[in-house]
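Colleague: What follows is a structure written as structure tokens; I'll ask about it next.
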Amino acid sequence: MNSKHYEISIEIAGPTAIWTRPDTGDSPGTYPVPTRSAAKGIFEAILWNPAVEIAPTRVEICSPLVYHHYATNYGGPLRKSDQIRGDNNYQLFATVLVNVRYRLYARLNPVSRNDFSPKVRQWLERTRSPCHAFKEIFERRLTRGQCHYVPSLGWREFVPSYVGQPQAHFPTQQDINLSLPSMPDQVFHKPAFGKHALAYTQGLAIRSGVLEYGSAPC
């Protein structure tokens, strides 16, 4: 297989976003940028293949950070049992971001396994460089506006207004410099079909509007 490194990128924008901080309890607050797992989910919304791992490397903030109070009626499974029995919703309050725009970057890594499905094994037999093939398919789908599922800006109801190739006329917000003492890094213990194993990274910082995610924990 070709050992050359391949990188993909995407720009995403929308009216509302939330990158939930686990320490904010039942009134969720947001990080200023997507977590690594959220960024990975945005890429995988365009194209997913278990033979190629998408490893987000950095994010650029391309619009000012504007925080906003948000309220919605929640009717999901996390309600109290008496609320579910009575079919009653409750008001959920959150701190979100408005009018966001990000550029995300990721490295592609080949995944070595011997239990791929027949369809994936056939695809691997047809290419000498799965990461190169994945990059070409990803960029073609991005240009055409195709996706595996609709990407979101955190919560599913926060749909983007733009998803596509990076645009040079939206510069990085170089005046944004923030420290992030702790941030969720991964949700599962391996890239595909993993078990839940939440891990954090400490000591991250946004410098001149850019966050480098650092090395993945696995």
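Colleague: Sort out which residues of the stretch 159-186 are surrounded by 12 or more Cβ atoms within 10 Å (Cβ to Cβ), among the small types (Gly, Ala, Ser), closer than 18 Å to residue 212 by Cβ and modelled with pLDDT of 95 or more, and write them in order of number.
Modeller: The answer is none; no residue qualifies.
Colleague: Could you tell me which of the residues 164, 209, 203, 214 is closer than 30 Å to residue 63 by Cβ and out of contact with any Asp or Glu (no Cβ under 9 Å at 6 or more places or on another chain)? Step through it out loud before you land on a result.
Modeller: Details: 164 fails: out of contact with any Asp or Glu (no Cβ under 9 Å at 6 or more places or on another chain); 209 fails: out of contact with any Asp or Glu (no Cβ under 9 Å at 6 or more places or on another chain); 214 fails: out of contact with any Asp or Glu (no Cβ under 9 Å at 6 or more places or on another chain).
Every option except 203 fails the conditions.
Colleague: For the stretch 98-144: of the residues being over 27 Å from residue 63 (Cβ atoms) and among the polar types (S, T, N, Q), which is modelled with the lowest pLDDT?
Modeller: By that ranking, first place goes to 114.
Colleague: Now for a separate question. Please determine whether any residue of the stretch 178-187 is of a type outside the set (Gly, Ala, Ser) and part of a loop (DSSP other than H, G, I, E, B). Spell out how you get there, then give the answer.
Modeller: Going through the stretch 178-187, the residues of a type outside the set (Gly, Ala, Ser) turn out to be 178, 180-181, 183-187.
Then keep just the ones that are part of a loop (DSSP other than H, G, I, E, B); that gives none.
The answer is no, given that none of the residues of the stretch 178-187 is of a type outside the set (Gly, Ala, Ser) and part of a loop (DSSP other than H, G, I, E, B).
Colleague: Check residue 204 against each of (1) modelled with pLDDT of 90 or more; (2) surrounded by fewer than 15 Cβ atoms within 10 Å (Cβ to Cβ); (3) part of a strand (DSSP E or B) and name the one condition it does not meet.
Modeller: Of the numbered conditions (1) modelled with pLDDT of 90 or more; (2) surrounded by fewer than 15 Cβ atoms within 10 Å (Cβ to Cβ); (3) part of a strand (DSSP E or B), the odd one out for residue 204 is (2).
Colleague: Applying the selection to the stretch 129-151, what residues are in a loop (DSSP other than H, G, I, E, B) and either basic (Lys, Arg) or touching a Pro at 6+ places or on another chain (Cβ under 7 Å) (or both)? Steps first, answer last, please.
Modeller: To start, the set of residues in the stretch 129-151 that are in a loop (DSSP other than H, G, I, E, B) comprises 129, 145-151.
151, the sole residue that qualifies.
Colleague: Report yes if residue 105 is of a type in the set (Ser, Thr, Tyr), in contact (Cβ under 8 Å) with a residue 24 or more places away in the chain and touching a Leu at 6+ places or on another chain (Cβ under 9 Å), otherwise no. Before the answer, list the steps.
Modeller: Values: of a type in the set (Ser, Thr, Tyr): yes; in contact (Cβ under 8 Å) with a residue 24 or more places away in the chain: yes; touching a Leu at 6+ places or on another chain (Cβ under 9 Å): no.
No, not satisfied.
Colleague: Give the stretch 146-158 a look and list any residue that's at pLDDT below 95 and out of contact with any Lys or Arg (no Cβ under 9 Å at 6 or more places or on another chain), or say none.
Modeller: 149, 155, 156, 157 - these are the residues of the stretch 146-158 that are at pLDDT below 95 and out of contact with any Lys or Arg (no Cβ under 9 Å at 6 or more places or on another chain).
Colleague: Among what's in the stretch 129-144 and is among the aliphatic types (A, V, I, L, M) and farther than 10 Å from residue 165 by Cα, pick the residue that is farthest from the chain's Cα centre (by Cα). Steps first, please.
Modeller: Step one: filter the stretch 129-144 for residues among the aliphatic types (A, V, I, L, M), giving 133, 137, 142.
Next, from what is left, pick out any that are farther than 10 Å from residue 165 by Cα: 133, 137.
Numbers: 133: 22, 137: 19 Å.
Checked the stretch 129-144; the qualifying residue farthest from the chain's Cα centre (by Cα) is 133.
Colleague: Within the stretch 62-75, identify whether any single residue is touching a residue at least 12 places away in the same chain (Cβ under 8 Å), among the small types (Gly, Ala, Ser) and closer than 29 Å to residue 202 by Cβ, and answer yes or no.
Modeller: Looking through the stretch 62-75, at least one residue is touching a residue at least 12 places away in the same chain (Cβ under 8 Å), among the small types (Gly, Ala, Ser) and closer than 29 Å to residue 202 by Cβ.
The values are calculated or read from the model by the stated rules, or taken from the named source; none is laboratory data. Everything quoted here is computed from the prediction, not taken from an experiment. We place every Cβ from the backbone using ideal geometry, glycine too, and count neighbours over all the protein chains shown.
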